[in-house]
Each structure stands twice: as structure tokens, then as C-alpha cells.
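The values are calculated or read from the model by the stated rules, or taken from the named source; none is laboratory data. Since the model is a prediction, treat every value here as computed from it, not as a measurement. Cβ: placed from backbone, ideal geometry, glycine included. Neighbour counts: every protein chain shown. Accessible surface areas use protein heavy atoms only, side chains included; no ligands, DNA or RNA. Shrake-Rupley method; radii C 1.70, N 1.55, O 1.52, S 1.80 Å.
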Amino acid sequence: MATTTTTDATAEEESDADSALVTARRQLERAAAHVEVDENVIERLRHPTRVERVSVPLKRDDGSLDVFTGYRAQHDDVRGPYKGGLRYHPEVTEDECIGLSMWMTWKCAVMDIPFGGGKGGVAVDPKGLSETEKERLTRRFAEEIRDVVGPKQDVPAPDMGTDAQTMAWFMDAYSMQEGETVPGVVTGKPPVVGGSYGREESPGRSVAIVTREAVDYYDWDLSETTVAVQGFGSVGANAACALDDWGANVVAVSDVNGAIYDPDGLDTRAVPTHEEEPEAVMSHDAPQKLSNEEILELDVDVLIPAAVGNALTADNVDDVRADLVVEGANGPTTFAADAILEERGIPVVPDILANAGGVTVSYFEWLQDINRRQWSLERVHDELESQMLSAWADVREEFEARDVTWRDAAYVVALRRVAEAKSTRGLWP
Ligand code: NAD
């Protein structure tokens, strides 16, 4: 059975210092301190525009019935439709969706794409669902939130526990009710029903692009740069392989079971990916096998935590020996760990910039759906490259002008864009 846990923000702040909502609020306050923005605009941005909470009844394969709770949080749409993932996870809560929707507002704004922030999901363990149960749950959830989504209103995407097939079912359920095929209602679909080529690899690819640019910024030679990637999943494997292709020396990668390390460099394309063979990194031949803690402590130039949130904490960050951290996962560095890295002079390129290739190619997918014209993979790569370079240049400008961290610089860019749009549009009535 589904459970609904809605914590009040204060209780949450005391019990879990790095919950998504607490982090999102802290980051807003930090960025606000650096930007000249009307306090009334900041006050509006502290609150989500809307949070939809629905019951999702599911008839199980054995004929019994369970009712799960689903959410869609919409933070801000001043720059365009809400955009963000739908996750199926037992710990999905209203507060988590709100926090993650705020995060999406900044991610879209830093990339300068015309979307706002949304996030949603169902509090359910997807591993406990058969394929047909997952399909029925998705179709019913799509129907329950149908009034608040749509290509011009709110465009969901895959997230934890959901995938391209889930998005295809969602799109089909929505389209059946609308009486026409509406591919632009969700992104991350299979290309045969309006998905974009290159969507799956795009967050990892953007991590690689941003790493390459950061290496160049610090005047290092990419061919002599050593890289360790925690989490050889969708994001991590695509980042590692692209960097390897571009000449970097990827010396270590890991999955949930542990890490492989070769100081002379791994042949990343030969390591089984999470998609090909889940959790098989350790089966690959390598001179050294390490734990997931040890990969974070390697003496490398670049560390890319690309597995889970809160990987770098106050407890382990003192052992980090990398000269640069590029965040592949969402929120892999806790607030406390971030402060320690700043004190130690280790730059951290933040998630909202580094892995934003995902939402950027989602935007390309939405454009392709609206125009009913598919782009080639080459075009997707070219457009992603130029969008990432442009965002990197904007963030770098703030980084240099304000002498702040990369994270603060990215939030300053994002907040300024959102706040200016809000001030320009004004408050009605
Ligand atoms: P994934 O499931 O494809 O891969 C995750 C990898 O991390 C796997 O190799 C897994 O074995 C490993 N892992 C899991 N738990 C671990 C642990 N406790 N310690 C070490 N390794 C562990 O996931 P993904 O899609 O690559 O997502 C990874 C992160 O990137 C998440 O934080 C996700 O929110 C974020 N992200 C994903 C996308 C996307 O579109 N896939 C976009 C932006 C951000």
C-alpha cells in the first residue's frame, strides 16, 4: 500500500539537513544574496505555484486493489511551461517534489531554455509492480493529472523508476483523452513516438562537455587529465566514454558493487554499462578493485560523482584528493561538504549546469514534437554543444566577475533570468 508522508518544512529542516526542499530553499537564499533582486520576487519564488496531489487506484494482477499517492509540483512558469521528471519511488513526498521542482526552475533558467520547474511522481516501489501493473498505474496517473499537464502547460519526463516506455504510455493515455496525438505532452519518449535521438546520452554528454571546458579553463591539457567517475550508469557511462573519446584519461569507474582502477587508463567502451549488464563493472578486468568510498579518494584531476545524491558529505570530503569536482548526479555534494570543498579551494561545477544536457535535449524533443519534424543525431549533438557552451560562458562570466563559487555563479545566472522575467511581467492583478 502507498503511504503519504507530508512533513512540514521546519520538522524536515531539523531532521534531514539535505532534503531536496531544504537544499532548494538554501540555494535560493544564497543566490538572492548575490543578486540585486526585489525581495518581493524572492518571496514569490520561495513558494511553488501549484502542487497537485492525487490518489492513483491500481487493480493488481491478482485482482486486489491498492491506492497510491501521486504528486505534481509546479514551481514557476514565468519563462515557459513547467518541465521536470516523474519518479516512481516509495519515498516520493510532496516536499521532495516541491524541492526538485525548484531545482528544475534554476536548471532550465541557467540553460536559458523557455521552461519553468516541475517535478512529480508516485509513492510506489516500481520493483514491486509487474509490467502491466506499471502500465495501468501510469495511465491512471496520467488521467489524474491531465488537467495540469500539456505541451503548453507542464511537460513531464522520465526520472527514477520511470523510463521511455513509461513516457510512451503517459503520452498515449493523454492523447486518447484529448482525441488527438499529442507527443509534446512528455519528453524522453522512444524516437518512434516522437522521442529525440540522443536524449538518453545527453546528461552524460553535457557532463563531459562541461568537464572539458573546465579543464580548459584551468589550463590543463585534456590528454593528461585523469578522471574518476562514481556510478557507471546512464549519466556516468556516457560522460566517461565521451571524455575517453576526447582524449582524457579515465582511470576509475564504479557501480553500486565497487570500483575498477587502472592508473594507465581504462578502455571505457569495453566496460559493461549499467544498461547492457547491470552492476557488472567489477567483472571487468582491471589492475585494481576498489570500494565506492575509495574511488572518491583517488588522487585524480577530476572526480565526477554520477551515482546518487549526497555522495560527498562532511564525513568523507576531507579525503577527496581530486583538483576539480564535476557533479554528474543530482545533489551529490551536501551543503556541508560543499563548504569544506570551497574552503579547501577545490572547485565544484554544479549539477544544474553539468547534467543539464538532459533537460536541454528534452527541450529539443519538445520542439521536434511541436514542429512534427525529427532532428538527426548529429544535429542534436551540435545544438547541445552550442547550448552548453553558451551556458558555460554565462556562468563563467559571473564566476569571474563576482569571485564566487561555480555553484553560486550558476544560481546567480538562473535567478537573475527568472527574477527579471517576473519583474518585467509584473504581478497580476
Ligand atoms: P542509473 O541507474 O543509470 O545509474 C546509476 C549508477 O550508480 C549505476 O551504475 C549504479 O550501480 C550506481 N550506484 C547506485 N547506487 C550507488 C551507490 N550507493 N554507490 C555507488 N554507486 C551506486 O542512473 P542515472 O540515470 O545515471 O542517474 C544517476 C544520477 O544522475 C542520479 O542522481 C540522477 O538523478 C541524475 N541524473 C540523471 C539524468 C538522466 O536523465 N538519466 C539526468 C540528470 C541527472
Percentage relative contact order, the chain, counting C-alpha pairs under 8 Å, at least six apart: 15
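Give me the 1.4 Å probe accessible area per residue for the stretch 256-378, excluding ligands and nucleic acids, in Å².
The answer is 45 Å² per residue.
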14 Å beta-carbon shell around E133, net charge (K/R +1, D/E -1): +1
Estimated [θ] at 222 nm from DSSP helical runs (n ≥ 4, -39500 (n - 2.57)) normalised by residues in the chain, nearest 500: -13500 deg cm²/dmol
log10 of Debye I(q)/I(0), alpha-carbon scatterers only, for the stretch 67-202 at 0.12, 0.18, 0.22 Å⁻¹: -0.41, -0.97, -1.44
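Tell me, what is the FRET efficiency for T132 and S283 to the nearest 0.05, using R0 = 35 angstrom and their Cβ-Cβ distance as r?
Result of the calculation: an efficiency of 0.60.
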Area accessible to solvent at Y411, 1.4 Å probe radius, in Å²: 10
Isotropic mean projected area of the C-alpha convex hull, the stretch 311-429 (nm²): 10.4
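Any number yet on Rg/Rh for the stretch 130-228, C-alpha, Kirkwood?
Using only Cα positions, Rg/Rh for the stretch 130-228 is 1.18.
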Apportionment of accessible area to carbon and sulfur, the stretch 22-68, percent (1.4 Å): 46
Heavy-atom accessible area order for F68, F399, largest first, 1.4 Å probe: F399, F68
Cα shape, the stretch 241-391, gyration tensor, a/c 1.5 rule: oblate
Compactness of the stretch 142-294, expressed as Rg and Dmax over alpha-carbon positions, Å: 19.2, 59
Links that overshoot a 30 Å alpha carbon limit, given the list K189/K289; K83/K127; K59/K107; K127/K189; K59/K189; K59/K119: K189/K289; K59/K107
Accessible-area composition of the stretch 281-367, carbon plus sulfur, in percent [1.4 Å probe]: 44
1.4 Å probe accessible area per residue over the stretch 46-191, in Å²: 36
Calculated FRET efficiency for the pair D219/D319, C-beta based, R₀ 30 Å, to 0.05: 0.70
Fraction of antiparallel bridges per DSSP, the chain only, in percent to nearest 5: 50
Heavy atoms of K107 accessible to a 1.4 Å probe, total area in Å² rounded to 10: 20
Zone of L427's modelled label, taken as backbone nitrogen in the stretch 94-124 under 18 Å from a point 7 Å along Cα→Cβ: none
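What is the projected area of the convex hull of the Cα atoms of the stretch 223-265, averaged over all directions, in nm²? Working shown, then result.
Numbers: hull surface 10.4 nm².
Over all viewing directions, the stretch 223-265 projects a mean Cα-hull area of 2.6 nm².
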Where D315, D301 fall by accessible area, highest first, once all protein chains stay in place (1.4 Å): D315, D301
Solvent-accessible surface (1.4 angstrom probe) belonging to Y174, in square angstrom, nearest 10: 20
Mean Kyte hydropathy of -1.0 or more with a Cα span along the axis of at least 15 Å, helices from DSSP in the chain: 20-34, 94-110, 164-178, 202-217, 234-245, 357-371, 377-402, 406-425
Translational diffusion of the chain, µm² s⁻¹ [Kirkwood Rh, Cα pairs; Stokes-Einstein; 4 °C; 1.567 mPa s]: 59
Inter-part distance where the stretch 212-274 and the stretch 101-160 are each reduced to a Cα centre, Å: 30
